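Notes to accompany the following structure.
The values are calculated or read from the model by the stated rules, or taken from the named source; none is laboratory data. Being a predicted model, the structure only gives us computed values, none of them experimental. Note: ideal-geometry Cβ built from the backbone for every residue, glycine included; neighbour counts use all protein chains shown. The protein model used for the area step is the full one, side chains on, heavy atoms only, and it has no ligands, DNA or RNA in it. Shrake-Rupley method; radii C 1.70, N 1.55, O 1.52, S 1.80 Å.
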Amino acid sequence: MATAPPEDQRRLLEVQALDTRAQQLAHQRKNLPALATLTELDGRIADLRASLVESRTRVADLKRELTKAENDVEQVRNRATRDQQRLESGGVSAKDAVALTDELSALATRKAALEEVELDVMERLEAHQDALAKVEEANGELVAEKSRVEAERDAGWADLDAQVEALTVSRATASEGLDTALVTLYEKIRAQLGGTGAAVLNGNRCEGCRMDLPPTDVAAIKAAAPDAVVRCEECGRILVRVASGATTGAAAG
């Protein structure tokens, strides 16, 4: 059976308490509420991005369609202006005058039809621009909210990191000078059993696994020498014997 000074075994409980706290801080760091919020926001932004791309594409297409419609109207208008100027110049024959008059009539009909197309495109473009503005506003609000939550996350991380840094110093102080073999055994058990390598023997209960030990095991532990490093037969953790009523910081696993 391994041995270590009784005081070192009791000090090991302080180290365990600090290690347990470090685990808790690591868990908090991975599970900050802000992280879940950011995941939800990223999903909403991704969903909105598809609508944003589609809406922007539709607006761009309609702008090109409107430019074409405007050009078509302008071409007809220019042609009609030239024909009207020729007709009014008096330098055309009667036959050409009739032809120009017929063409002006056809151009007027064509221009009216093209203006209807132009108006339809303008109305559709305006509707899509309004829809795009709403999507962009919603996207902007989500991006702003994400930035706010990121700042909240970073502040939370900074606070936890500061606590970990202070804890690391306290842990180094608490473990300084402890029996090397005892610490080695503790670290080995802690790695195997989820972070708890040492626990208090509270009456007949191991506070590591929360199991009541058989009377024969308790009797053997009590009979062991003060410097004997005893372990729980149920979970294998180091069992630290403390005076009845003593306060410990050992964590349960």
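Nothing charged except the Cβ atoms of Lys and Arg (+1) and of Asp and Glu (-1): what's the magnitude of the dipole of the stretch 1-110 about its Cα centre? Round to the nearest 20 debye.
Details: 18 positive and 18 negative charges, 18 e Å.
Approximately 80 debye in magnitude.
Starting from the Cα of LYS95, draw a straight line to each of the aspartates and glutamates and keep only those under 17 Å, dropping any in the same chain fewer than 8 residues away.
ASP83, GLU103
Which residues does a label at GLU152 reach in the stretch 1-39, if reach means a backbone N under 18 Å from a point 7 Å past the Cα toward the Cβ?
28-39
Using 0.36 nm per residue, how much length does the chain from ASP102 to ASN204 gain when fully extended, once their Cα-Cα distance is taken away? Provide the component values of the computation, followed by the final result.
Values: separation 102, 0.36 × 102 = 36.72 nm, distance 11.37 nm.
Extra length from ASP102 to ASN204 when fully extended: 25.4 nm.
Take every Cα pair under 8 Å in the chain that's 6+ residues apart, average their separations, divide by the length, and report that relative contact order as a whole percent. Please report the intermediate quantities before stating the final value.
Values: 246 pairs, mean separation 91.2, N = 253.
The value is 36 percent.
Going Cα to Cα from LYS30, which lysines come in below 29 Å? Please leave out same-chain ones fewer than 8 positions away.
Excluding near neighbours in sequence, the set is LYS146, LYS188.
When the convex hull of the Cα atoms of the chain is projected onto a plane and the area is averaged over all directions, what value comes out in nm²? Can you show the working numbers first?
On the way: hull surface 92.0 nm².
Across all orientations, the chain yields a mean hull projection of 23.0 nm².
Tell me the carbon and sulfur percent of the accessible area for the chain, rounded to whole percent, probe radius 1.4 Å. Write down the numbers at each step before the final one.
Numbers: 7890 of 15010 Å².
Ligands and nucleic acids excluded, carbon and sulfur give 53 percent.
Multiply the residue gap between GLU141 and ASP47 by 0.36 nm, knock off their C-alpha separation, and tell me the result in nm, one decimal place. Please report the intermediate quantities before stating the final value.
Details: separation 94, 0.36 × 94 = 33.84 nm, distance 1.41 nm.
That works out to 32.4 nm of additional length.
For LYS68, which lysines qualify as cross-link partners when the Cα separation must be under 26 Å and same-chain residues fewer than eight apart are set aside?
Leaving aside lysines fewer than 8 places away in the same chain, those within reach of LYS68 are LYS111.
Under a crude label model (7 Å from the Cα following the beta-carbon direction), how far is SER93 from GLU116 in nanometres?
3.6 nm
Compute the separation of the alpha-carbon centres of the stretch 152-231 and the stretch 21-61 and state it in Å as a whole number.
First find each Cα centre; the distance between them is then 39 Å.
Highest mean first, how do 196-209, 21-34 rank when packing is the count of other Cβ atoms within 10 Å averaged over residues?
Working: 196-209: 21.5, 21-34: 14.5.
Most protected by this proxy first, the peptides run 196-209, 21-34.
When ligands, DNA and RNA are left out and all protein chains stay put, how many square angstrom of accessible area per residue does the stretch 1-147 have with a 1.4 Å probe? If you can, show how the numbers build up before the last one.
Numbers: 9290 Å² over 147 residues.
Per residue, the stretch 1-147 has 63 Å² of solvent-accessible surface.
Could you do me a favour and compute the accessible area per residue for the stretch 183-239, 1.4 Å probe, result in Å²?
On the way: 2800 Å² over 57 residues.
I get 49 Å² per residue for the stretch 183-239.
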